[in-house]
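> A single structure is presented below for examination.
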Amino acid sequence: MQSKESLKKEALKNFSEYINSMKVRTLKNAGLAVIEDKREGASIWDITGERYIDCQTGSGIMNVGRHNKEIVRALKEALDTYDIGVFLWASRQKADLAKKLAEITPGDLKISLFGVGGGEAIDAALKLARGYTMRKEVIYTEKAYHGHTGFALSAIGKKAYREPFEPLIPGFKMVPFGDIDAIKNTITDDTAAVILEPVQGEGGIHIAPDGYLQEIRNICDQNETLLILDEIQTGFGRTGKMFASEHWGVVPDIMAVAKSLSGGIYPISATIFKEELNDFFLMNPFIHLSTFGGADLGCVVGLATIEFIQKNHLVEHAEEMGKRFRKGFDELLKAYPDFLLEVRQKGLMMGLQYTNESIGPRMSKKLADRNIMAIYTGNDPSVMRLMPPLVIRKEEVDYVLNALGESMQELSREKGIGLND
């Protein structure tokens, strides 16, 4: 019988050989070459039995916690009767989830088009915007992250993701995030939509400035341009509101959701939009299809996930735990100004801006040594993104904060940087 250490070694070897050796090398350097085994609440266990608090969560997939037993139970019960269903046919599961999404999303968002992942939801949103308006241009923002599929890739704000596949879909124009004048100067009579994240996740937890979304909403209305909000990372309680746009009282024309709608159990996404936009799909009912999008099993899981969030008041809990984190972050800002420059945060969507790019990877390793899974953002290694499950408990928040403090203290000793005690 193989030991747990040998099982782990074998799994990493096979992953390296048959999937991606560079990913394994990067994870090893960051101390995060974990082979997930048991998962529960805010924690995961390596196959060796080592426990970690998960502050990465697939960038917000696990809002209801790792391997949530209630969600698993809902799926198991559904499996006794259902399969994925046929995407062409109507089903009660699709109808029930669509109705629930219409009830909980802001304003008059009503109609849902289901998919499997976030990039697919963004593709559907952009196709709908172009098809409905019969316009070709799309405005997106620097550092934006909307996925790697066709239309979504054209709106991604990092050159390294786009350049190997150019030429991409024409008509996409990039502007700085948070710059109203840039939007005003770029929008034309042929602009179908403005697309953005209320809080940029992969870009480094950049939060929409106060008044920014409201003003973009006004500009779009004046120009009969659609506003698309990407709430794939920010949705379902992550920021202390059910959807981040509620912080600013802005209702988009189209909203894309995914990640945590899955409960971390079954992949599903949705593109939700105002009823008048549905005219395009009513005239073209089979113009955008997804074989596994809105699978009956996925819809059961999505509905159970929303009900778990509501029943357990996870939106309010995220706000409360976010405040607890913030108190600790403020203490770290005072104690370690040589390392920590700024904290950007909405609820449990948190970004630590370090003073230089080298600190992000080193802090990932230090935190891993203390059984915390956290990693720097893809667009900016100087920013660490912390997005733990919304079910995280007070004592787990305190453990993460203590680990951050100990890691910074240890790093300062290694580099001979003085502390501001």
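The values are calculated or read from the model by the stated rules, or taken from the named source; none is laboratory data. All values derive from a computational prediction rather than experimental measurement. Heads up, the Cβs are rebuilt from the backbone with ideal geometry, glycines too, and the neighbour counts pull from every protein chain shown.
Residues are listed down the side, and each one gets a yes or a no for (1) surrounded by 13 or more Cβ atoms within 10 Å (Cβ to Cβ); (2) within 26 Å of Lys259 (Cα to Cα):
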residue	(1), (2)
Lys8	yes, no
Lys13	no, no
Ala30	yes, yes
Thr48	yes, no
Gly65	yes, yes
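> So which helices (runs of 4 or more DSSP H) stay within the stretch 116-206 end to end and still have 3 or more residues that are outside the structural domain of Gly302 (by TED's automatic domain parsing) and over 16 Å from Ile232 (Cα atoms)?
Helices (runs of 4 or more DSSP H) meeting the threshold: none at all.
> Look at Asn223 and say whether it is touching a residue at least 12 places away in the same chain (Cβ under 8 Å) and over 24 Å from Gln353 (Cα atoms).
For Asn223, the condition - touching a residue at least 12 places away in the same chain (Cβ under 8 Å) and over 24 Å from Gln353 (Cα atoms) - is met.
> Is there a residue in the stretch 387-407 that is more than 18 Å from Ser43 (Cα to Cα), more than 21 Å from the chain's Cα centre (by Cα) and not charged (D, E, K, R)?
There is at least one residue in the stretch 387-407 that is more than 18 Å from Ser43 (Cα to Cα), more than 21 Å from the chain's Cα centre (by Cα) and not charged (D, E, K, R).
> Also, I was wondering about something else. For the stretch 329-337, does any single residue satisfy the condition of being touching a residue at least 24 places away in the same chain (Cβ under 8 Å), surrounded by 17 or more Cβ atoms within 10 Å (Cβ to Cβ), over 22 Å from the mean Cα position of the chain (by Cα) and assigned to a loop (DSSP other than H, G, I, E, B)?
Looking through the stretch 329-337, at least one residue is touching a residue at least 24 places away in the same chain (Cβ under 8 Å), surrounded by 17 or more Cβ atoms within 10 Å (Cβ to Cβ), over 22 Å from the mean Cα position of the chain (by Cα) and assigned to a loop (DSSP other than H, G, I, E, B).
Residues are listed down the side, and each one gets a yes or a no for (1) within 25 Å of the chain's Cα centre (by Cα); (2) assigned to a helix (DSSP H, G or I):
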residue	(1), (2)
Lys23	yes, yes
Lys28	yes, yes
Gly31	yes, no
Val34	yes, no
Gly49	no, no
Glu70	yes, yes
Ala78	no, yes
Ser112	yes, no
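> Take Glu231 and tell me if it is within 19 Å of the chain's Cα centre (by Cα), farther than 28 Å from Lys38 by Cα, in contact (Cβ under 8 Å) with a residue 12 or more places away in the chain and surrounded by fewer than 20 Cβ atoms within 10 Å (Cβ to Cβ).
no
> Can you say whether Lys23 is surrounded by fewer than 17 Cβ atoms within 10 Å (Cβ to Cβ) and closer than 25 Å to Pro388 by Cα, as far as the supplied structure shows?
Answer is yes for this residue.
> Let me ask something else about it. State which residue is surrounded by the fewest Cβ atoms within 10 Å (Cβ to Cβ) when the search covers only the stretch 364-380 and only residues that are within 18 Å of Asp398 (Cβ to Cβ) and among the aliphatic types (A, V, I, L, M).
Met373
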